[in-house]
Amino acid sequence: MSTGNGADSAPGHTSTTTTTRTTRSAGRHSMFSSLKIRNYRLFATGQAVSNTGTWMQRIAQDWLVLSLTGSASAVGITIALQFLPMMVFGLYGGVLADRLPKRPLLIATQTLMGLTGVALAALTLAGHVQVWHVYLAAFLIGLVTVVDNPARQTFVSEMVGPDQVANAVSLNSANFQSARLVGPALAGVLITAFGSGWAFLLNGLSFAAPVAGLLLMRARELHPVRPQPRAKGQLREGLRYVAGRPELIWPIVLVGFIGTFGFNFPIWLSAFVSDVFHGDAGTYGLFNTLIALGSLAGALLAARRGHSRLRLLVAAAVLFSALEVATAFAPGFWLFAALLVPIGMFGLTVNVTANASVQMATDPEMRGRVMALFMMVFTGGTPIGAPVVGWVTDTYGARIGMAAGGLVSLAAAATIAVILSRVGNLRLSVSRHGVTFVPSPRPRELVAAA
């Protein structure tokens, strides 16, 4: 159930095994090794600023919609509109990412997202904002993300090279989650003191940092993938490529279920704040910060590992889903808040492990289309899941809404664990060391045992 070239699981010569162990050992002691690369440092610095602004806008956007409408379903609609373009056009974004040079493409997409944030800030600060303005801004950001996401995901390998992909993907997630620690807290202060408009403005201006970083990169130090020429059938080619590889298709299916039903925290947390714990924007920011703490821990642990395994993906998905169900019925405020930390850690482990596994198992010329499918399934299912989860939450309460999402995710994780074990000829082993998958005996061994 490992991914990549299989060297870590296949028998080999002593020298190969020693090399593999040495590489792993180095990975364990090089948590921040990608940051030694200048181009990646520029990228990571710009993303740290922009990600902080993005989290500020997410909190301000959700809270503004809830303030204007008083409805968790309206928050769900906002989220759905932001991810609807990915569901409809996501694969085409991957085709464009494979055809076009990544760096100029990212300069354009990051600039457009910054302008959208500034426009929403102007409406809000002028006192003219209406809920449909927020819906429109979310939809426009979603359209730009269709191209930005696969380009940004695949540009990582061009900055750091193939040996550092897993580490860089993990550090990207750590970067995002670090911003999640600062962004919600800062947004809570700004919203309480001045209103949502200032959070939108700072987010719009924050995109100047990644654009500057991209412009300052040294092109000669990149590892560019040759853009694919325009040709018929490239979309179908990408789908056939994924369909023929179990190490790609099943992680994508798993993150699709979890992304659709298990990652609807804006809906659940806003409902818990307003209906269960009767808090305010500061409470909502606190909950998001606690999830971010766990997510940051998960990202740093993934960076330290330096490799990705499908068995880790499945185990993290099961634990994430089970914790989500348990947290839904937590009786007190502080127990609920404390459980958000491990939820964040295992949720981020699912995302990073699946992302790195899929990237490393994909040929470079197909990576844009494959990662577009990955992100389309992971985030594109939100237009389906968010309104449904929002309706369940409004109708039956925050606890039932969150528990339902966790149960669907748990069922998907358990089912795919069985499928992957059969594909990999594995069986479940229960021992004093824990519950793991181990290779099944071969027919010859079964006969010998009999």
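What to note about this one:
- Averaging 1/r over every pair of different alpha carbons in region 196-244 and inverting the result gives a Kirkwood radius of 15.1 Å.
- Computed from the C-beta positions of Phe32 and His223 and an R0 of 25 Å, the FRET efficiency is 0.80 to the nearest 0.05.
- Note on region 152-226: Kirkwood hydrodynamic radius from all Cα pairs is 14.7 Å, rounded to one decimal.
- Nonlocal amide H pairs with Val225, under 5 Å, H built at 1.01 Å: none
- A Cα-only calculation for region 305-421 places Rg and Dmax at 15.8, 51 Å.
- Charge context of Pro210, other residues only, Cβ under 15 angstrom, K/R +1, D/E -1: +3
- Region 204-318 - percent of accessible surface contributed by carbon and sulfur, probe 1.4 Å: 62
- Across region 232-288, the convex hull enclosing all Cα atoms gives 111 Å³ per residue.
- Between Ala414 and Arg245, the FRET efficiency from the beta-carbon distance, with R0 = 25 Å, is close to 0.65.
- Computed label-point distance, nm, for sites Ala326 and Asp363 using a 7 Å Cα→Cβ extension: 4.5
- Charge context of Phe176, other residues only, Cβ under 12 angstrom, K/R +1, D/E -1: +3
- Point-to-point label distance, Val88-Leu215, nm (Cα→Cβ direction, 7 Å offset): 3.3
- Accessible surface, per residue, of region 251-330 when the full set of protein chains is kept, probe 1.4 Å, Å²: 29
The values are calculated or read from the model by the stated rules, or taken from the named source; none is laboratory data. All values derive from a computational prediction rather than experimental measurement. When we count neighbours, we look across all protein chains shown, and the Cβ atoms used for this are built from the backbone with ideal geometry, even at glycine. What goes into the accessible areas is simple: the full protein's heavy atoms, side chains included, and nothing from ligands, DNA or RNA. Shrake-Rupley method; radii C 1.70, N 1.55, O 1.52, S 1.80 Å.
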